[in-house]
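This report concerns only the one structure given below.
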Amino acid sequence: GCLWSLTCVNIGGILYVYHLSNFSSTNPSFAKYIHSSICLSILSIYPSFFYPLIPSSTQTNHKHLLYLQRQKTQILVHSVSCTGTEVHLAACPLEYSKPNSTSFCLGGMPAVVSCMPGPLFLQNSSLKKKVKVSTNVRLKGGSKLGEGRVEVLKDRDWGTVCDDRWNLQSASVVCRELGFGTAKEALTGARIGQGIGPIHMNEVKCVGHERSIWMCPYKNITAEDCQHTEDAAVRCNVPYMGLENSIRITGGRTHYEGRVELLIPDSNGTQRWGLICGETWTTKEATVACRQLGLGYANQGLQETWYWDSSNVTQMVLSGVRCTGEEMSLSHCQHHKTVSCQKSAAKFAAGVICSETASDLVLNAPLVQQTVYIEDRPLHMLYCAAEEDCLSKSAAKANWPYGHRRLLRFSSEIRNIGRADFKPKAGRHSWVWHACHGHYHSMDIFTHYDLLNANGTKVAEGHKASFCLEDTDCQEGVSKRYECANFGEQGITVGCWDLYRHDIDCQWIDITDVKPGNYIFQVRGGVLVRTLDFLIYRPQTS
């Protein structure tokens, strides 16, 4: 009946449990692989072996040190009997030692485990190749490593998991499959945002020892069974890496914003704090920085920070930082070997504005596929489009108003499935008026449209400026908040979407100069959000 919790103090060492206010070790009589699996999976490390330590002349100093420690340790727990499916040792049957008892662990000594980090935490690249992480299960929408909405790949289509009967056993299978420890939390009710598209699984019933969620019994889903408001999510146990100790932000108005500073080794072996050049700084790099800081999502990545306090600025120590957005730390991103920054003053240092919540914009891919077509549009109908730079460069040499341009047209629906409304960064006072179309632009570019050849080279491009960013429609139970009428507030509410129909000016790619053939059509967001899924498919042009 005592309250207790567990910790493993070393990757390779004596197994300790925390009982009330004291650490005590465990008896090796339960020294079986399944028990070490439970302990180590909490730390996001894999058990490699479990051994009773006997000193000999051939053993390392490390093992000898462990042997000496075992002679001194008070043993608190014994007769632990796990099945191997428990998510932590506290769930296993066990016995505590009685006060002043010395006979309950006859012939035994404290248990010792040796652990191997999960593939995400391995420093040795050769070992990373040997330990595989699932490619048909992923986490989306989380601000921290090891948390997110569970998505699974079925028939080349990503979908979510319904939260009916979702528990720690099933969540732990997902966490271990992705290289983390067991699950701290099995989240229900779309706590980390709603997904989009199909729901592939319902009533998942994992025992806890499965290597993949696909090995667990589950029911196929129908639209009547579950909605995206019931998407399952997880928070996994992740080993403490201390990454936040080598990064800080300074000069901001709140502790969520400021110039990014890194602690890096100097040439003389000491460490010093320094700034990052802002020239290549984008939201992807800011996402990694906010994650490393433990401050959630990146609201903005700033290339200039002249408006913040500069009374105690440091020198620039890093430049050319380029991240994918998935890294755990800025030190894992690409960067210049030596600092090379054209604007090296502190006012051009990289900065971030982090947030506990963020919007998450995704494209409705099937709608693009359903609505795409080619139109030959007369030049005399494209004067406003040319003014807004919606045609390819060769249009400037055309014989206006005669002739036409060949346009690849389609509808684009952008949904906000995040946990915060999306709004343009610029206030209404700075929106730009376009007289030709008779409307304001709240953002220069909202969406990019690219046409790529088989090699991935861009052969044509387009873009859509946001002249009206509003809630076209919303899912059931969600009310519209944004509309453009009467110079209204623009944005996209969580659970709503903005629709740009195929017959709106600039909702196209100018393919006049593109030869007939197979191409990759790519739609990607130009907005500063944490992540934006995009569609790739191959239309036949003629």
Quick one: Ser394 ticks every box in (1) modelled with pLDDT of 90 or more; (2) assigned to a loop (DSSP other than H, G, I, E, B) bar one, so which box is it?
(2)
Look at Ala386 and say whether it is within 30 Å of Asn486 (Cβ to Cβ) and either among the aromatic types (Phe, Trp, Tyr) or in a helix (DSSP H, G or I) (or both).
yes
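Of everything in the stretch 239-263, what is of a type outside the set (Phe, Trp, Tyr), on the phi < 0 side of the Ramachandran plot and not in a strand (DSSP E or B)? Give them in sequence order. Break it down into steps so the answer makes sense when it comes.
Taking the stretch 239-263 as the starting set, the residues that turn out to be of a type outside the set (Phe, Trp, Tyr) are 239, 241-255, 257-263.
In the following step, the residues that additionally are on the phi < 0 side of the Ramachandran plot were identified as 239, 241, 243-250, 252-255, 257, 259-263.
Within the stretch 239-263, Pro239, Met241, Leu243, Glu244, Asn245, Ser246, Gly252, Arg253, Thr254, His255 qualify.
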Output the number of the condition that Lys205 fails; it satisfies all remaining conditions of (1) over 30 Å from Met316 (Cβ atoms); (2) surrounded by 15 or more Cβ atoms within 10 Å (Cβ to Cβ).
(2)
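Can you tell me how many residues in the stretch 371-381 are outside any strand (DSSP E or B) and in contact (Cβ under 8 Å) with a residue 24 or more places away in the chain?
Of all residues in the stretch 371-381, those outside any strand (DSSP E or B) come to 371-372, 379-381.
From what's left, in contact (Cβ under 8 Å) with a residue 24 or more places away in the chain: 371-372, 379.
Residues flagged as outside any strand (DSSP E or B) and in contact (Cβ under 8 Å) with a residue 24 or more places away in the chain within the stretch 371-381 amount to 3.
With the requirement that a residue be among the acidic types (Asp, Glu) and surrounded by fewer than 19 Cβ atoms within 10 Å (Cβ to Cβ), what does the stretch 397-420 give you? Lay out the reasoning, then the answer.
Pass one, the stretch 397-420, residues among the acidic types (Asp, Glu): 413.
None; the set is empty.
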Go through the stretch 303-313 and count every residue that is open to solvent by less than 80 Å² (accessible area, probe 1.4 Å) and touching a helix residue (DSSP H, G or I) at 6+ places or on another chain (Cβ under 8 Å).
4
Quick one: His429 ticks every box in (1) at pLDDT 85 or above; (2) surrounded by fewer than 20 Cβ atoms within 10 Å (Cβ to Cβ); (3) over 30 Å from the mean Cα position of the chain (by Cα) except a single one, so which number is it?
(1)
Subset of the stretch 208-223, residues surrounded by fewer than 19 Cβ atoms within 10 Å (Cβ to Cβ) and over 15 Å from Val137 (Cα atoms), comes to His209, Pro217, Lys219, Asn220, Thr222, Ala223
Somewhere in the stretch 318-333, is a residue more than 30 Å from Arg138 (Cβ to Cβ), in contact with a helix residue (DSSP H, G or I) (Cβ under 8 Å, 6 or more places away or on another chain) and surrounded by fewer than 21 Cβ atoms within 10 Å (Cβ to Cβ)?
no
So, in the stretch 477-513, exactly how many residues are within 26 Å of Leu379 (Cα to Cα), touching a Phe, Trp or Tyr at 6+ places or on another chain (Cβ under 7 Å) and in a strand (DSSP E or B)?
1
From the list Ala435, Ala460, Ala454, which residue is among the small types (Gly, Ala, Ser), open to solvent by 20 Å² or more (accessible area, probe 1.4 Å) and touching a strand residue (DSSP E or B) at 6+ places or on another chain (Cβ under 8 Å)?
Ala454
Could you give every pair whose Cβ atoms fall below 8 Å, whose first residue belongs to the stretch 92-112 and is under 16 Å from Cys82 (Cα atoms) and open to solvent by 80 Å² or more (accessible area, probe 1.4 Å), and whose second residue is modelled with pLDDT under 75 and part of a loop (DSSP other than H, G, I, E, B), counting only separations of at least 6 or pairs across chains?
Glu95/Phe104
Pick out the one residue from Ser125, Ser134 that is within 28 Å of Lys284 (Cβ to Cβ), within 19 Å of the chain's Cα centre (by Cα) and either modelled with pLDDT under 85 or open to solvent by 60 Å² or more (accessible area, probe 1.4 Å) (or both).
Ser134
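Within the stretch 172-201, can you find the residues that are among the hydrophobic types (A, V, I, L, M, F, W, C) and open to solvent by 40 Å² or more (accessible area, probe 1.4 Å)?
To start, the set of residues in the stretch 172-201 that are among the hydrophobic types (A, V, I, L, M, F, W, C) comprises 173-175, 178, 180, 183, 186-187, 190, 192, 196, 199, 201.
The answer is Ile196, and nothing else.
In the stretch 145-164, which residue that is surrounded by fewer than 17 Cβ atoms within 10 Å (Cβ to Cβ) and of a type in the set (D, E, K, R) is nearest to the chain's Cα centre (by Cα)? Before you say what the answer is, go through the steps one by one.
Taking the stretch 145-164 as the starting set, the residues that turn out to be surrounded by fewer than 17 Cβ atoms within 10 Å (Cβ to Cβ) are 153-157.
Still in the running and of a type in the set (D, E, K, R): 154-157.
Values: Lys154: 21, Asp155: 23, Arg156: 20, Asp157: 19 Å.
Restricting to residues being surrounded by fewer than 17 Cβ atoms within 10 Å (Cβ to Cβ) and of a type in the set (D, E, K, R), the top hit is Asp157.
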In the stretch 289-297, is there at least one residue being in contact with a helix residue (DSSP H, G or I) (Cβ under 8 Å, 6 or more places away or on another chain), surrounded by fewer than 19 Cβ atoms within 10 Å (Cβ to Cβ) and under 22 Å from Leu122 (Cα atoms)?
yes
Check Tyr449, Tyr440 and return the single one that is open to solvent by 50 Å² or more (accessible area, probe 1.4 Å) and either among the aromatic types (Phe, Trp, Tyr) or touching a His at 6+ places or on another chain (Cβ under 9 Å) (or both).
Tyr440
Condition first: within 30 Å of Arg405 (Cα to Cα), open to solvent by 20 Å² or more (accessible area, probe 1.4 Å) and β-branched (Val, Ile, Thr). Now tell me which residues in the stretch 337-384 satisfy that.
Thr371, Val372, Ile374
Looking at this structure, is Leu275 of a type outside the set (Gly, Ala, Ser), modelled with pLDDT of 85 or more and part of a loop (DSSP other than H, G, I, E, B)?
no
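The values are calculated or read from the model by the stated rules, or taken from the named source; none is laboratory data. Everything quoted here is computed from the prediction, not taken from an experiment. Positions of Cβ are generated from backbone atoms using ideal geometry, with glycine treated the same way; all protein chains shown enter the neighbour counts. These accessible areas exclude ligands, DNA and RNA; they are computed on the full protein's heavy atoms, side chains included. Shrake-Rupley method; radii C 1.70, N 1.55, O 1.52, S 1.80 Å.
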